[in-house]
Amino acid sequence: MRVCIRCDHPLEDGWRCSACGYAPETGPDGFLRFADPGTDEYDDDFFGLLAPLEQGSFWFRSRNALITWALRQHAPGADAFLEVGCGTGYVLRGIHDAFPAIRLTGAELFAGGLPFAHERVPTAELIQADAGALPYRDAFPAVGAFDVLEHIDDDRAALSGMRDTLAPGGALFLTVPQHRWLWSAADDVAGHKRRYTRRELTRTVRETGFAIERVTSFVTTLLPAMALSRLHRRRDDSYDVTAEFRATAGMSRLLEGLVGVDRALIRAGISLPAGGSLLLVARRR
């Protein structure tokens with residue numbers, strides 16, 4: 001169900017609210033705008049740099065494989081999916097390829113990513129919106145946010161907003177960076193507010209109205225290399241946040257194979273105790 005973000009009134013036809021008169025503006029790019037991104041908006045050039053790197057990156061390919069596996073395991077009958085913080089649409093495209101019949105919606109605070117997402121998944125409904133004030137209620141059997149929560153000051157408000165969009169019993173899928181001791185210039189330049197501990201993430205998700213179904217680390221096989229790399233990384237603004245995605249084709253295949261070991265263990269039911277990232281699946285209570 002669509003709702004008005006001003007008064008929470010159900011919207012039966014279109015986006016104009018019959019109760020308070022609110023209607024979202026349409027941006028020059030043609031996408032509906034439900035929120036002001038404020039002063040921290042990514043430069044549009046960032047999405048232009050990121051989009052061509054994603055397909056060649058072992059990290060994005062491996063994460064997509066894990067996400068689509070988790071969806072198949074925990075929301076096999078889902079006919080609709082909302083991605084919060086959809087960026088350039090790389091995850092949406094992966095879900096579309098794995099589940100061609102699923103109805104896809106993407107919300108992104110920074111509108112610069114939406115044209116790329118539209119190019120990748122023309123059939124998806126795409127809007128510019130804040131995670132804590134999404135214009136949907138009880139609408140989706142599955143919702144995901146992938147490496148998004150760590151960018152948000154009030155992660156609880158974002159999780160509560162996602163809970164509201166889920167149908168009762170719907171599934172939430174999250175990935176976040178793990179381990180505070182891995183903090184480096186990569187986190188500073190990417191605009192991260194935190195790296196999560198497992199206990200911190202599970203507590204926050206439970207306290208915002210979810211029951212945890214599965215939580216595991218991933219990027220476990222590469223954790224020693226990550227630790228060494230970040231130990232020597234200078235904390236300054238000259239760090240190129242896209243550098244980690246520029247591995248040669250051969251190196252990328254090698255790294256993807258190593259991360260594939262993590263995925264095989266997770267598929268076997270093992271909850272990995274440590275890794276560069278966390279995957280969490282929860283159910284709306």
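The values are calculated or read from the model by the stated rules, or taken from the named source; none is laboratory data. Because the structure is predicted, anything quoted here is derived from the model rather than measured. Here the Cβ is made from the backbone with ideal geometry for all residues, glycine too, and neighbour counts use every protein chain on show.
Considering segment 193-212, the residues that are assigned to a helix (DSSP H, G or I) and farther than 22 Å from residue 164 by Cβ include one that is farthest from the chain's Cα centre (by Cα), namely 199. Per the listing 68, 175, the residue uniquely closer than 27 Å to residue 226 by Cβ, assigned to a strand (DSSP E or B) and either of a type in the set (S, T, N, Q) or at pLDDT below 95 (or both) is 175.
Only residues that are buried (at least 17 other Cβ atoms within 10 Å of the Cβ), at pLDDT 95 or above and closer than 22 Å to residue 186 by Cβ were counted across segment 238-275, and they come to 3.
Of all residues in segment 148-167, those being outside any helix (DSSP H, G or I), in contact with a Gly (Cβ under 9 Å, 6 or more places away or on another chain) and crowded, with 19+ Cβ neighbours inside 10 Å number 2. Out of all the residues in segment 151-159, is one or more more than 17 Å from residue 109 (Cα to Cα) and either of a type outside the set (S, T, N, Q) or at pLDDT 95 or above (or both)? No, segment 151-159 contains no residue that is more than 17 Å from residue 109 (Cα to Cα) and either of a type outside the set (S, T, N, Q) or at pLDDT 95 or above (or both).
The rows are residues; the columns are (1) closer than 18 Å to residue 2 by Cα; (2) touching a His at 6+ places or on another chain (Cβ under 8 Å); (3) of a type in the set (Asp, Glu).
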{"residue": "81", "(1), (2), (3)": "yes, no, no"}
{"residue": "88", "(1), (2), (3)": "no, no, no"}
{"residue": "97", "(1), (2), (3)": "no, no, yes"}
{"residue": "103", "(1), (2), (3)": "yes, no, no"}
{"residue": "108", "(1), (2), (3)": "yes, no, yes"}
{"residue": "111", "(1), (2), (3)": "no, no, no"}
{"residue": "119", "(1), (2), (3)": "no, no, yes"}
{"residue": "122", "(1), (2), (3)": "no, no, no"}
{"residue": "134", "(1), (2), (3)": "yes, no, no"}
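Residue 235 satisfies every condition listed in (1) closer than 20 Å to residue 84 by Cα; (2) modelled with pLDDT under 90; (3) charged (D, E, K, R) except (1).
Taken over segment 261-285, residues that are part of a helix (DSSP H, G or I) and over 17 Å from residue 224 (Cβ atoms) amount to 4.
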